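To keep things clear, I will list the structure first and then write my remarks on it.
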């Protein structure tokens, strides 16, 4: 009877790394690029994987490779296995200075500049070989984590409902309505939400892959009263939204720190602030359990918390 070590000795662990990348990229050429291989070499690896697992693993469609049922079964175990190996290797040898990992996180676009830019600068000083990739938040941040698209999700709702994920509150924010510095509402005292509803709004749209509907705290309270905002424009680009309300009476809702962003220059002012309950919301750092014991991920988590605690502290 063969021992576990004898059984595993016939397996090239690099094949599992390649399979993980193929699952994420769903494209042989992109997977080859990620692993610094030629496309023919990647195709040969796919052939070896098919032989190892006695399964086609992928089938081709017009939009790329699609996983078979066997691959989906393997995917649920593969990330945990690779992170366990990574933790075993790096648990006592991790060094930020020599780390060459690429980390991915998702963050709300309206917070991106104030969250990610300081983090990137701090990482550059301590870990110059690390790559940081940021993606827009989805309404369901758990989906991005589960599929391995990101290592951490920064979200304004504590949506974790299972032991598979860990959520930690790292700060809070509250909504503010902004408009042109000469907006008619600024001539009024004691501006009410009903005053604001007389004007149309522009709105930041989330990732199109998101499912469901996101409502900010103002809209939640408005719906309880049977009231709604008139949305004139939705865009995934903050700069587009800001440009669209110049020289108009349109309004935009953003977090309280948006007022510190240079993109809101002297042409814009805060119209109405909602800095008390039920409008205040927490900001949460969410991760999958597979990274909880990973030294590189623990380091990045501490960097994220340190970088933003000044701006988003309780």
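Suppose the filter is modelled with pLDDT under 80, assigned to a loop (DSSP other than H, G, I, E, B), in contact with a strand residue (DSSP E or B) (Cβ under 7 Å, 6 or more places away or on another chain) and not assigned by TED's automatic domain parsing to the domain that holds residue 145; does residue 215 pass it? Against the criterion (modelled with pLDDT under 80, assigned to a loop (DSSP other than H, G, I, E, B), in contact with a strand residue (DSSP E or B) (Cβ under 7 Å, 6 or more places away or on another chain) and not assigned by TED's automatic domain parsing to the domain that holds residue 145), residue 215 does not qualify.
Quick one: residue 165 ticks every box in (1) closer than 22 Å to residue 280 by Cβ; (2) outside the structural domain of residue 259 (by TED's automatic domain parsing) except a single one, so which number is it? Against the list (1) closer than 22 Å to residue 280 by Cβ; (2) outside the structural domain of residue 259 (by TED's automatic domain parsing), residue 165 comes up short only on (1).
Just to be sure before I move on: is residue 112 touching a helix residue (DSSP H, G or I) at 6+ places or on another chain (Cβ under 9 Å) and part of a strand (DSSP E or B) in the structure I sent? Judged against the criteria, residue 112 is not a match. For residue 30, the test of being in a loop (DSSP other than H, G, I, E, B) and either under 28 Å from the mean Cα position of the chain (by Cα) or at pLDDT below 90 (or both) is failed.
Taking first residues from the range 195-210 that are outside the structural domain of residue 245 (by TED's automatic domain parsing) and partners that are surrounded by fewer than 19 Cβ atoms within 10 Å (Cβ to Cβ) and at pLDDT 95 or above, no Cβ contact under 6 Å between residues at least 6 apart in sequence or on separate chains turns up.
Residue-level check: of (1) part of a helix (DSSP H, G or I); (2) in contact with a helix residue (DSSP H, G or I) (Cβ under 7 Å, 6 or more places away or on another chain); (3) more than 30 Å from residue 102 (Cβ to Cβ), residue 244 misses just (2).
Only one entry in 145, 132 is crowded, with 17+ Cβ neighbours inside 10 Å, at pLDDT 80 or above and in a helix (DSSP H, G or I), namely 145. Looking across the range 51-83, the residues that are surrounded by 15 or more Cβ atoms within 10 Å (Cβ to Cβ) and either under 19 Å from residue 29 (Cβ atoms) or free of Cβ contacts under 8 Å to residues at least 12 places away in the same chain (or both) come down to 57, 58, 65, 67, 71. If you go through the range 54-72 and keep only what is closer than 18 Å to residue 12 by Cα and modelled with pLDDT of 90 or more, you end up with 54, 55, 57. Checking each residue in the range 120-129 for being part of a helix (DSSP H, G or I) and touching a residue at least 12 places away in the same chain (Cβ under 8 Å) picks out 120, 122, 123, 126.
The values are calculated or read from the model by the stated rules, or taken from the named source; none is laboratory data. Please read all numbers here as calculations on a predicted model, not as lab measurements. Please note: Cβ atoms are built from the backbone with ideal geometry, for glycine as well, and neighbour counts cover all protein chains shown.
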